[in-house]
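Data block below; observations after.
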Amino acid sequence: MALNVLVVDDSALMRNIIIKVLNLSDIDIAEIFQAAHGQDALEVLNNNWVDLMLLDINMPVMSGLELLDIVRANPETKDLPIIMVSSESQEKRISAIEQKGAGFVHKPFTPELLRDEIQKATGVIHG
Amino acid sequence: MDSSINENIKQIALKAFESMCFMFEMDPDFDGDVAVDTEFTDTAIIRFDGDVNGGMLISGSPELRHAAAVNMLGSDEITDQHMQDACFELANIIGGNIVPLLNQHDGISFIQSPRKATPVEVTGAAFKGFNEEKVLLSLDEGTCEIRVFYI
């Protein structure tokens, strides 16, 4: 199953790194969408089918945590696999994220770690 | 200066440079001539508040800033914006990992997005009375100074 992936990060450089890792992995990717903040991401979600969202936390306009709450509250997107990709290291905040049903990849990350977390979140076996 | 926090900051920064930029610390036992460039022209800052208040400044030598952008993007066509973005992202990653070390009451601190430091922040005048940790990294593709102010 080829995945439509939405990468949400206010850093264009970090979006590039994540996309590069996705393209170099053995994950079957159909299309990669990008958004610079939560509001942008909602537009993408409203107009496209997305199988997986990789989401930064600290962003202007709408943070990753705000977007996570909105997505989980919407019956159409409540089960969307989401992985937070962040340098956040405070256990209380990470625990709160995981309780909302999102995976977590800690920056700095290795390509293998991101791939494994995607496999866990989507249930799709690659390679 | 707290030697334990200082060493932790150094290890966190080295891990970030290794993982994101494929840069490694120069061998401390190397006794040859190494040009250590400490002429930093650009400094990124992140501020944090909550359980701990303060900021982290990161300055890289021109060689390091260029190499960081090249290695993070996987391209030789690098602009000044790319170099600034690379420093911002490194500041974000290193800062996000440092703040839990500084939390003093098992509470939570919030990190503001990185931006270019103002002169008053670069001189440290904006953090008068704060504790300060200073780490100078000598990496294989340049040098980097990290200063953390916290209270």
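For this structure, a couple of remarks:
- For the protein assembly as shown, a simple Cβ point-charge model (Lys and Arg +1, Asp and Glu -1, everything else neutral) yields a dipole of about 900 debye relative to the Cα centre.
- Label-point separation, A:K100 to A:K20 (7 Å along Cα→Cβ), nm: 2.9
- Bridgeable lysines around A:K20 (alpha carbons under 18 Å apart, same-chain partners fewer than 8 residues away excluded): A:K107.
- Panel values: the range B:71-140, Kirkwood radius from alpha carbon pairs, Stokes-Einstein at 4 °C and 1.567 mPa s, translational diffusion coefficient 88 µm²/s.
- Legend: translational diffusion of the protein assembly as shown by Stokes-Einstein, Rh = Kirkwood radius over C-alpha pairs, 25 °C, 0.890 mPa s; D = 126 µm²/s.
- Carbon/sulfur fraction of accessible area - chain A, other protein chains in place, 1.4 Å, %: 49
- Span per principal axis, largest first, for the Cα atoms of chain B (Å): 43, 35, 27
- Total buried accessible area between B and A, probe 1.4 Å, nearest 100: 1800 Å².
- Quotient of C-alpha Rg and 2.2 N^0.38 Å, computed over chain A: 0.95
- Theoretical FRET efficiency, 1/(1+(r/R0)^6), r = Cβ-Cβ of B:D49 and B:D80, R0 41 Å, to 0.05: 0.85
- Taken along its principal axes, the alpha carbon cloud of the range B:43-88 reaches lengths of 41, 17, 14 Å, longest axis first.
- Highest-first packing order for the peptide set B:7-17, B:83-93, B:139-149 is B:83-93, B:139-149, B:7-17, based on the mean count of other beta carbon atoms within 10 Å.
- Aspartates and glutamates with Cα under 16 Å of B:K116, excluding same-chain neighbours fewer than 8 positions away: A:D10, B:D42, B:D80, B:D85, B:E89, B:E145
- Those lysines that a straight Cα-Cα span of less than 20 Å connects to A:K78, excepting residues fewer than 8 apart in one chain: A:K100, A:K120
- Farthest toward the positive end of the dipole of the protein assembly as shown, out of B:L137, B:G54, B:A86, is the Cα of B:G54, where the dipole comes from beta carbon charges about the Cα centre.
- Dipole size of the range A:1-112 about its Cα centre, with +1 on Lys/Arg Cβ and -1 on Asp/Glu Cβ: approximately 240 debye, rounded to the nearest 20.
- Mean Cα-pair separation over length for chain B, i.e. relative contact order, pairs under 8 Å, 6 or more apart, %: 36
- In order along the range B:52-68, the Karplus-derived 3J(HN,Hα) couplings, from 6.51 cos²θ - 1.76 cosθ + 1.60 at θ = phi - 60°, round to 10, 10, x, x, 10, 10, 10, 10, x, 5, x, 5, 5, 4, 5, 5, 4 Hz, and Gly and Pro are given as x.
- Between A:Q119 and B:S4, the FRET efficiency from the beta-carbon distance, with R0 = 30 Å, is close to 0.20.
- HN-Hα J in Hz across the range B:15-21 - Karplus 6.51, -1.76, 1.60, θ = phi - 60°, x for Gly and Pro: 5, 5, 5, 5, 6, 8, 10
- With Cα atoms, 0 to 90° folded angle of helix B:80-102 axis to chain B main axis: 40
- Relative contact order for the range A:1-76, counting Cα pairs under 8 Å that sit 6 or more residues apart, in percent: 38
- A convex hull fitted to the Cα coordinates of the range A:58-110 yields 82 cubic angstrom per residue.
The values are calculated or read from the model by the stated rules, or taken from the named source; none is laboratory data. Small disclaimer: the values here were computed from a predicted structure and weren't measured. Counting neighbours? That spans all protein chains shown, and the Cβs are built from the backbone with ideal geometry, glycine included. The area values use the complete protein model at the heavy-atom level, side chains included, leaving out ligands, DNA and RNA. Shrake-Rupley method; radii C 1.70, N 1.55, O 1.52, S 1.80 Å.
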